[in-house]
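Trainee: The structure is given below, and queries will be raised subsequently.
The values are calculated or read from the model by the stated rules, or taken from the named source; none is laboratory data. Please read these numbers as outputs of a predicted model, since none were measured by experiment. Counting neighbours? That spans all protein chains shown, and the Cβs are built from the backbone with ideal geometry, glycine included.
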Amino acid sequence: MSIQFPNIPQNLRVPLFYADLDPSRANTGQFNQRALIIGQVTDSGTAVVNKPVISQGAIEAKTMGGQGSMLAIMTAAYRARDSFGEVWYLPLADDENGVAATGAITFTASATATGVLSLYIAAFAGSPIVSLVCTPTMTTAQLATALVAQINSLPDLPVTAAVDAEVTSKVNITAKNKGLAGNDIDLRLNYYGASNGETLPPGLAATVAPMSGGLLNPSLVTALANLGDMTFDFIAMPYTDATSLNAVKSLLSTVTGRWSWSKQLYGHAYGAYRGTLGECQTFGATRNDEHMSIMGFNDSPTPAWVMAADITAAAAVSCRADPAQPMQTVALACFLPPPVEARFELTDRNTLLWTGISTFTVADDGTVALENLVTTYQVNAFGQPDNSYLEVETMNTLMAVLRRLKIVVTSKYARKKLASNGTRPAPGSNIVTPNTIRADLIADYQAMQDDSGWVQGADVFAKGLIVEQNQSNPNRVDVLYPAVLINQLRIFALLMQFSNIVPASAAVAA
């Protein structure tokens, strides 16, 4: 037997002891699954736009993105759910032609008794609340001035405020970041309501004009290109306009993007869409992307881009633990639920899930949890219904299996000679045959079934596995890998077949 040493030469004559290393059977390494937060920065942010940079936490994000920036707020929401995983930013500048969204609060009557006005601006769990003490001596103009001061004293809010130049009882509110995303900044009085001690002071009257008029989200083309070959398994996507979504779809494409054979970087993007049932359903019908999941919701004070960060973090924590485990009941950390009357009912949620829109549930205590996180993929290239990539767990499991296979192949076969089946290579000769590779793949599949629980049907897999030497290129091995991915228990259907009388046969036997 001739042992093949990677580095020790055969013609060595100098005594005595030399050791070489062969790690081909020792590699048990795992991928460090990074998350990426895409978000806009303000002029005060120090981050270099369009260049990915590692995050050092929610506090540092305020410096990188600027206080009250989309990037800073999304990072705070993400870190509230995933405090440990590696996170990077992709900072974006406002589009030079962008327009900031604006809204207003107008006081139309003063308080007749002292009380507190509670104003929620882009609210999520842990975000600042604007609390204004109103007294009977304050005029509507004084109330406006006091509210402006209170809003501007909270730099982590995504807006600035100013008293209207013509109507002194009116507070104009402007988004810090320009673009369509500013329209989703919710302005709301007394979100938690009277049962939680939030009511307008007696006599006080105020009207709220929702944020609107924001135009032009930043282009993602340059920023996404600058990601290079870095892997990002969980991408928080703040935008739902077609141009932005198509840019991410191209980035992750199975044909030419990160899921393609030539890149093998993988990853999945998560977003959220605000709208009524009809609006969410209509929007879902416009998307068909297996690498994007979008949660539908209506009338929550939390912006869609904050929810996107929350969902991404929840998915990251779950997937790192087990990519195949269903995410139903996984709790979110920051998303504030809509009022009961605005929540989607069971039949509504089922409709959304048939239109590529993900769903959530709300517990009695207000805890929001994932119900079914699906992809937006719905039809194949012929426009026919296709559920191949319906579940996000399918995509995460595929990612895990493919990466494991790559580790196996690159560790064991990086420098092997290839012989045809039937060849009997001597031990240590660094020769493999297709049948040798086949046996290794079967053993690894069995381990993935027994240890990881990512696949099933090892016997069926072994029968269907084909490993053969390419006829045109004898240096190439072609493999048909008929994996059967593990399923997720989602539906438990029970027929309660009951009666009120013990069957006669049973009674006699007793």
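Trainee: Output the number of residues of the range 56-84 satisfying the condition of being in a loop (DSSP other than H, G, I, E, B) and either among the acidic types (Asp, Glu) or surrounded by 20 or more Cβ atoms within 10 Å (Cβ to Cβ) (or both).
Mentor: Quick first cut of the range 56-84, residues in a loop (DSSP other than H, G, I, E, B) only: 56-57, 66-69, 82-84.
Applying the additional criterion that residues be either among the acidic types (Asp, Glu) or surrounded by 20 or more Cβ atoms within 10 Å (Cβ to Cβ) (or both) yields 66, 68-69, 82.
Within the range 56-84, residues that are in a loop (DSSP other than H, G, I, E, B) and either among the acidic types (Asp, Glu) or surrounded by 20 or more Cβ atoms within 10 Å (Cβ to Cβ) (or both) number 4.
Trainee: Now, a different point. Considering each residue of the range 107-147, count those that are part of a helix (DSSP H, G or I) and polar (S, T, N, Q), and give that number.
Mentor: Within the range 107-147, the first condition is being part of a helix (DSSP H, G or I), and the residues that meet it are 140-147.
Within this subset, residues satisfying the condition of being polar (S, T, N, Q) are 140, 142, 145.
Selection size over the range 107-147: 3.
Trainee: A follow-up question, please. Quick one: count up the residues across the range 147-196 that are among the polar types (S, T, N, Q) and more than 19 Å from residue 40 (Cα to Cα). First the steps, then the outcome.
Mentor: First, pick out the residues of the range 147-196 that are among the polar types (S, T, N, Q): 150, 152-153, 160, 168-169, 172, 174, 177, 183, 190, 195-196.
With more than 19 Å from residue 40 (Cα to Cα) added as a condition, the list becomes 150, 152-153, 168-169, 172, 190, 195-196.
Number of matching residues: 9.
Trainee: Under 26 Å from residue 284 (Cα atoms) and within 24 Å of the chain's Cα centre (by Cα) - does that describe any residue in the range 401-417? Before the answer, list the steps.
Mentor: Here is the first cut: in the range 401-417, the ones under 26 Å from residue 284 (Cα atoms) are none.
The answer is no; no qualifying residue exists.
Trainee: Kindly list the number of the only condition in (1) in contact (Cβ under 8 Å) with a residue 40 or more places away in the chain; (2) in contact with a strand residue (DSSP E or B) (Cβ under 9 Å, 6 or more places away or on another chain) that fails for residue 64.
Mentor: Among (1) in contact (Cβ under 8 Å) with a residue 40 or more places away in the chain; (2) in contact with a strand residue (DSSP E or B) (Cβ under 9 Å, 6 or more places away or on another chain), residue 64 violates only (1).
Trainee: OK, next. Please give the number of the condition residue 331 fails out of (1) free of Cβ contacts under 8 Å to residues at least 60 places away in the same chain; (2) farther than 28 Å from residue 40 by Cα; (3) within 17 Å of the chain's Cα centre (by Cα).
Mentor: Going through (1) free of Cβ contacts under 8 Å to residues at least 60 places away in the same chain; (2) farther than 28 Å from residue 40 by Cα; (3) within 17 Å of the chain's Cα centre (by Cα) one by one, residue 331 breaks only (2).
Trainee: Restricting attention to the range 193-232, report how many residues are under 22 Å from residue 49 (Cβ atoms) and charged (D, E, K, R).
Mentor: Of the residues in the range 193-232, 1 are under 22 Å from residue 49 (Cβ atoms) and charged (D, E, K, R).
Trainee: Between a residue in the range 238-249 that is outside the structural domain of residue 226 (by TED's automatic domain parsing) and any residue that is not in a helix (DSSP H, G or I), which pairs come within a Cβ distance under 9 Å, given they are 6 or more apart or on different chains?
Mentor: Going by the 9 Å Cβ cut-off, there are no qualifying pairs.
Trainee: Could you tell me whether the range 335-347 includes any residue that is under 22 Å from residue 252 (Cα atoms), touching a Leu at 6+ places or on another chain (Cβ under 9 Å) and in the same structural domain as residue 280 (by TED's automatic domain parsing)? So that I can check it myself, show each step before the final result.
Mentor: Looking only at the range 335-347, we keep the residues that are under 22 Å from residue 252 (Cα atoms), and these are none.
No, the range 335-347 has no match at all.
Trainee: Taking the criterion of being of a type in the set (A, V, I, L, M, F, W, C) and modelled with pLDDT under 95, would at least one residue in the range 182-196 satisfy it? It would help to see each step written out before you state the result.
Mentor: Initially, the range 182-196 is screened for residues of a type in the set (A, V, I, L, M, F, W, C), giving 185, 187, 189, 194.
Subsequent filtering for residues that are modelled with pLDDT under 95 retains 194.
Scanning the range 182-196, I find at least one residue that is of a type in the set (A, V, I, L, M, F, W, C) and modelled with pLDDT under 95, so the answer is yes.
Trainee: Residue 243 is checked against (1) surrounded by 17 or more Cβ atoms within 10 Å (Cβ to Cβ); (2) in a helix (DSSP H, G or I) and fails just one. What number does that condition carry?
Mentor: It fails just one condition, (1).
Trainee: While we're looking at this one, here's another question. Here are some conditions: (1) loosely packed, with under 15 Cβ neighbours inside 10 Å; (2) within 30 Å of residue 53 (Cβ to Cβ). Residue 136 meets all but one. Which one does it not meet?
Mentor: (2)
Trainee: Anything in the range 325-344 that is assigned to a loop (DSSP other than H, G, I, E, B) and more than 30 Å from residue 383 (Cβ to Cβ)? List them, or say none. Step through it out loud before you land on a result.
Mentor: Applying the first criterion (assigned to a loop (DSSP other than H, G, I, E, B)) to the range 325-344 yields 325-330, 332-339, 343-344.
If the condition is that a residue be assigned to a loop (DSSP other than H, G, I, E, B) and more than 30 Å from residue 383 (Cβ to Cβ), then 325, 329, 330, 332, 333, 334, 335, 336, 337, 338, 339, 343 are the ones that fit.
Trainee: Looking at 168, 160 in this structure, which one is under 21 Å from residue 66 (Cβ atoms), among the β-branched types (Val, Ile, Thr) and at pLDDT 95 or above?
Mentor: That would be 160, the only listed residue that is under 21 Å from residue 66 (Cβ atoms), among the β-branched types (Val, Ile, Thr) and at pLDDT 95 or above.
Trainee: Starting from the range 361-372, take each residue that is more than 17 Å from residue 315 (Cβ to Cβ) and list its partners that are crowded, with 22+ Cβ neighbours inside 10 Å, counting only C-beta distances under 6 angstrom and pairs at least six apart or across chains.
Mentor: Short answer, once both residue conditions are applied: 362/368.
Trainee: Please go through the range 129-148 and pick out each residue that is free of Cβ contacts under 8 Å to residues at least 40 places away in the same chain and under 20 Å from residue 186 (Cα atoms).
Mentor: Result: 129, 130, 131, 132, 144, 148.
Trainee: Out of (1) touching a residue at least 60 places away in the same chain (Cβ under 8 Å); (2) of a type in the set (A, V, I, L, M, F, W, C); (3) outside any loop (DSSP other than H, G, I, E, B); (4) in the same structural domain as residue 489 (by TED's automatic domain parsing), the odd one out for residue 407 is which?
Mentor: (4)
Trainee: What residue, of 347, 376, 351, 394, is part of a helix (DSSP H, G or I) and under 22 Å from residue 232 (Cα atoms)? Break it down into steps so the answer makes sense when it comes.
Mentor: Numbers: 347 fails: under 22 Å from residue 232 (Cα atoms); 376 fails: part of a helix (DSSP H, G or I); 351 fails: under 22 Å from residue 232 (Cα atoms).
Going through 347, 376, 351, 394 in turn, the sole match is 394.
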